[in-house]
1. Within the stretch 115-170, restricting attention to residues that are outside any helix (DSSP H, G or I) and surrounded by fewer than 20 Cβ atoms within 10 Å (Cβ to Cβ), which residue is modelled with the lowest pLDDT?
2. Between a first residue in the stretch 157-172 that is over 13 Å from Ile188 (Cβ atoms) and a second residue that is open to solvent by less than 10 Å² (accessible area, probe 1.4 Å), which pairs have beta carbons less than 7 Å apart while being 6 or more apart in sequence or on different chains?
3. All but one of (1) open to solvent by 60 Å² or more (accessible area, probe 1.4 Å); (2) at pLDDT 90 or above; (3) in contact with a Ser or Thr (Cβ under 7 Å, 6 or more places away or on another chain) hold for Arg285, so report the exception by its number.
4. Among the residues that make up the stretch 197-216, is at least one of them modelled with pLDDT of 80 or more, open to solvent by 70 Å² or more (accessible area, probe 1.4 Å) and either of a type in the set (Phe, Trp, Tyr) or out of contact with any strand residue (DSSP E or B) (no Cβ under 9 Å at 6 or more places or on another chain) (or both)?
Amino acid sequence: MVPRSFRMFAPLLTTLFLFLAACQSLSSLSGPSQDFVSAANALAQAESDYFDEIQAASDAAYRLQAAETYVAKKRTFPQFVAELGKHDDFSKAKALRMAAMQQLLNYTQQIQAIITGSNATWIADDAKSATTNISKLVKDAGDKADAQFFTNHSGVVETAVTDLGRIIINHESATELQSLAHDARAPIAQIAEMVKQDNANIETDNFTNSLSADQTQAVKDILHSIYQDPKVNAAERLEALQVAADWKQILVTKSQAIQNALAKLQAANEAMAEKENTSLGALSRQAYTLAQQAITGPSPVTVVPAK
């Protein structure tokens, strides 16, 4: 027969056992949660580098085109200077993307804070700040006509940042990771859609291909003008060729790797929603590896003049 005193404390012991089991389960996720954060951080860096790459390729194309017309004596020096200063500003489009990636990073950090039991109220503060600022970022990006091509899905970005911020704030003191991960599915999917559309609009169509072609053609035309100029001797032509051989084509290549990395991060969140804790770490590490590939990227391609 079970002693009466034991029967009295049995519910308390059961609660204590469940609490300790939950703590043990959370502690086992400490490593995977760090992988989750590292993957989101690498993704944010890759996205930042991606738009820097777009800016650099665009600027390089303008510089070479200005040099092409000047060497061919089709422009005066003041006209050349004006053309050399041409610049399409992608900073607002970049800020919009980075707001989404920062909110995603906030989310992964909130997951880690819950798992490790750390007091990280600053995460909710950052989430609130991102939510407050996103409307202004969308408006600023939309106000610039030549950036419109890059902001045609700004509504999706705004919704993702707002919804994910609300989820972070609402779950600031949560302990049920499965519920938190489940709620985050939709806004993370919206961020993935943002990356998917960028891949289609920027790299799959002719935008980045034309930037590459413009740079190559400008170098060829510069050399052609030098070769055809009767006042230039063989030594000067050789010097021009040697200089041109060191010019590097600035390519835009990171989008597919970013898309693949985000797909793995989505899968990691899905694993957490389904309590597949082992998969959380493995998928997060795969996402990190893919994001690092986007950061490092291929080496610049040398522009080879036509013979």
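1. Just the residues of the stretch 115-170 that are outside any helix (DSSP H, G or I), to begin with: 117-120, 144, 151-153.
Cutting the leftovers down to surrounded by fewer than 20 Cβ atoms within 10 Å (Cβ to Cβ) gives us 117-120, 144, 152-153.
Details: Gly117: 82, Ser118: 78, Asn119: 76, Ala120: 72, Lys144: 58, Asn152: 63, His153: 71.
Result: Lys144.
2. Partner pairs satisfying both residue conditions: Glu158/Ile134; Thr162/Ile134; Ile169/Ala124; Ile169/Ala127; His171/Gln110; His171/Leu180; Glu172/Ala124.
3. (3)
4. For the stretch 197-216, residues modelled with pLDDT of 80 or more, open to solvent by 70 Å² or more (accessible area, probe 1.4 Å) and either of a type in the set (Phe, Trp, Tyr) or out of contact with any strand residue (DSSP E or B) (no Cβ under 9 Å at 6 or more places or on another chain) (or both): absent.
Residue-by-condition table, conditions (1) open to solvent by less than 70 Å² (accessible area, probe 1.4 Å); (2) within 32 Å of the chain's Cα centre (by Cα); (3) at pLDDT below 75; (4) closer than 18 Å to Leu265 by Cα:
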{"residue": "Arg4", "(1), (2), (3), (4)": "no, no, yes, no"}
{"residue": "Leu12", "(1), (2), (3), (4)": "no, no, yes, no"}
{"residue": "Leu18", "(1), (2), (3), (4)": "no, no, yes, no"}
{"residue": "Ala21", "(1), (2), (3), (4)": "yes, no, yes, no"}
{"residue": "Leu26", "(1), (2), (3), (4)": "yes, yes, yes, no"}
{"residue": "Gln45", "(1), (2), (3), (4)": "no, yes, no, yes"}
{"residue": "Ile54", "(1), (2), (3), (4)": "yes, yes, no, no"}
{"residue": "Leu64", "(1), (2), (3), (4)": "yes, yes, no, no"}
{"residue": "Thr76", "(1), (2), (3), (4)": "no, no, no, no"}
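The values are calculated or read from the model by the stated rules, or taken from the named source; none is laboratory data. No experiment lies behind these values; they were computed from the predicted model shown. Reconstructed Cβ throughout: ideal geometry from the backbone, glycine too, with neighbour counts over all protein chains shown. Each accessible area value is taken on the protein alone, full model and side chains, heavy atoms only, with ligands, DNA and RNA left out. Shrake-Rupley method; radii C 1.70, N 1.55, O 1.52, S 1.80 Å.
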